[in-house]
Amino acid sequence: MAEILVLVEHVDGEVKKVTLELLTLARSLGSPSAVWAGPGYSAEAKARLGEYGAERVYVADSAEIVDHVVAPKAELLAQLVSSATPAAVLVAATAEGKEIAGRLAIKTDSGVITDAVGLGDGFVAEQSIFGGGVNVKSRVSKGTPIVAVRPNSTAPEASAGAAAEEQVAVSLSDAAKATKVVERVKQEKGARPELTEAAIVVSGGRGVGSAENFSIIEKLADSLGAAVGASRAATDAGWYPHQFQVGQTGKTVSPQLYIAAGISGAIQHRAGMQTAKTIIAINKDPEAPIFELADFGVVGDLNQIVPQLTEEVGKRK
């Protein structure tokens, strides 16, 4: 089977869930090979990658790779594309992943697809474009297909792979070392999952009414083990931090379940969440555009419905 490179996302040596999703997706199209860039590689990481199907693990664990911004990872992948001639390269559609994909496309004279929500035979990608208004299928027509896939697009499924380890030395160009990381500030990790990687997201909008009222959104999210999101109207009003904004000018999410409470469903917001597998809308306006997109809708006051929903979820635990 054709080899497919998967760039590993990891933090402090722990493999992130999106990598397991990419390995699962790659396994349906060929033979997955994980690419580990930077320090932190361990026997536990190797076992985790093998558990989800990695037949080979290319390890470039030089600290120099993460001492500079983005470019070294693109050069590492370009080197592997040249030596291993893979059928495709998959990366996570994060801010960093999409930049790596673009740089790699230039280095390998290849086509690139970003924000894919599906990938089928012939590396035909499914995308939601033009602010979420159009769904299309795209295919790279030149070079090695490079595809950035949104987190939560594929459910990770374990299937043992050999995880044969191969050490890789990469010689970085002066251009790749032009920008150096001089300081790292570790963000404190909360109890909730990261917004773009969460399987369940509960978002509040203008209908929440105030910053204080966002506590009912948080309580529902916590009962479900979900991340909290917000519409642009809510963040612009100062009711919730901008880092949790979901939408065209915020973050794009593709969870298994998305609950939109008090969100009208303007195109700006829909562009950031409409690829969710199941959408539940709660809004007192029966004509709200969000109901056109929702799989399930509840017409009513979120201040009454959301606490009741939280209570019912708690009873079932």
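The values are calculated or read from the model by the stated rules, or taken from the named source; none is laboratory data. Here the structure is a predicted model, which is why all the values come from computation and not from measurement. Please note: Cβ atoms are built from the backbone with ideal geometry, for glycine as well, and neighbour counts cover all protein chains shown. Heads up: the accessible areas ignore ligands, DNA and RNA and are worked out on the full protein's heavy atoms, side chains in. Shrake-Rupley method; radii C 1.70, N 1.55, O 1.52, S 1.80 Å.
Just going by the charge dipole of the chain, with Lys and Arg at +1 and Asp and Glu at -1 on Cβ, which of Ile282, Pro156, Ser33 is farthest out on the positive end? Looking along the dipole axis, the top candidate is Ile282.
Taking the Cβ of Lys107 as the center, what net charge do the other residues with Cβ under 13 Å away carry, scoring Lys and Arg +1 and Asp and Glu -1? List each step's numbers first, then the result.
Working: positive: Lys73, Arg103; negative: Glu75, Glu99, Asp109.
Charge balance near Lys107 sits at -1.
Element breakdown for the chain at a 1.4 angstrom probe: carbon and sulfur atoms account for 49% of the accessible area. Measuring from label point to label point, each 7 Å out along Cα→Cβ, what is the His242 to Val181 span in nm? Placing both labels 7 Å along Cα→Cβ, they lie 2.4 nm apart. Under a model in which nothing but the beta-carbon of Lys, Arg (+1) and Asp, Glu (-1) is charged, the stretch 1-153 shows a dipole of about 440 debye around its Cα centre.
Relative to the current alpha-carbon distance between Lys98 and Asp285, full extension at 0.36 nm per residue lengthens the span by 63.6 nm.
Approximating the spin labels as points 7 Å out from Cα along Cα→Cβ, the Asp301-to-Glu166 distance works out to 6.4 nm.
Pairs of Cα atoms nearer than 8 Å and 6+ residues apart set the relative contact order; for the stretch 70-147 it is 33 percent. For the stretch 108-217, the list of trypsin sites (Lys or Arg not before Pro) that fall in a loop by DSSP and count at most 11 other C-beta atoms within 10 angstrom reads Lys142, Arg184, Lys186, Lys189. Take the Cβ atoms of Ala43 and Lys107, set R0 to 30 Å, and the FRET efficiency comes out at 0.40.
Taking the centroid of alpha carbons for each part, the stretch 104-166 and the stretch 199-264 are 28 Å apart.
Remark: the stretch 184-317 carries 51 Å² of accessible area per residue (probe radius 1.4 Å; ligands, DNA and RNA excluded).
Report note on the peptides 60-69, 266-275: ranked by the mean count of other C-beta atoms within 10 Å, highest first, their order is 266-275, 60-69. Taking Cα centre as origin and charging only the Cβ of basic (Lys, Arg, +1) and acidic (Asp, Glu, -1) residues, the dipole magnitude of the chain rounds to 300 debye.
Once the 1.4 Å probe is applied to the protein heavy atoms, the stretch 3-177 comes out at 41 Å² accessible per residue. The mean sequence distance of close C-alpha pairs (under 8 Å, at least 6 residues apart), as a share of the length of the chain, puts its relative contact order at 15 percent.
Straightening the chain between Asp222 and Lys317 buys 33.0 nm, computed as 0.36 nm per residue apart minus the Cα-Cα spacing. Taking each residue as 0.36 nm, the span from Ala84 to Ala158 lengthens on full extension beyond its C-alpha to C-alpha distance by 24.2 nm. Remark: spin-label model distance Ser215-Gln256 equals 3.1 nm, labels positioned 7 Å along the Cα→Cβ axis. Within the chain, antiparallel bridges make up roughly 20 percent of the DSSP beta bridges whose residues both belong there.
Summarising the overall dimensions of the stretch 206-293 from its C-alpha atoms, the Rg and Dmax are 11.8, 30 angstrom. Computed from point charges on the beta carbon alone (+1 for Lys and Arg, -1 for Asp and Glu), the dipole magnitude for the stretch 200-316 about its Cα centre is near 260 Debye.
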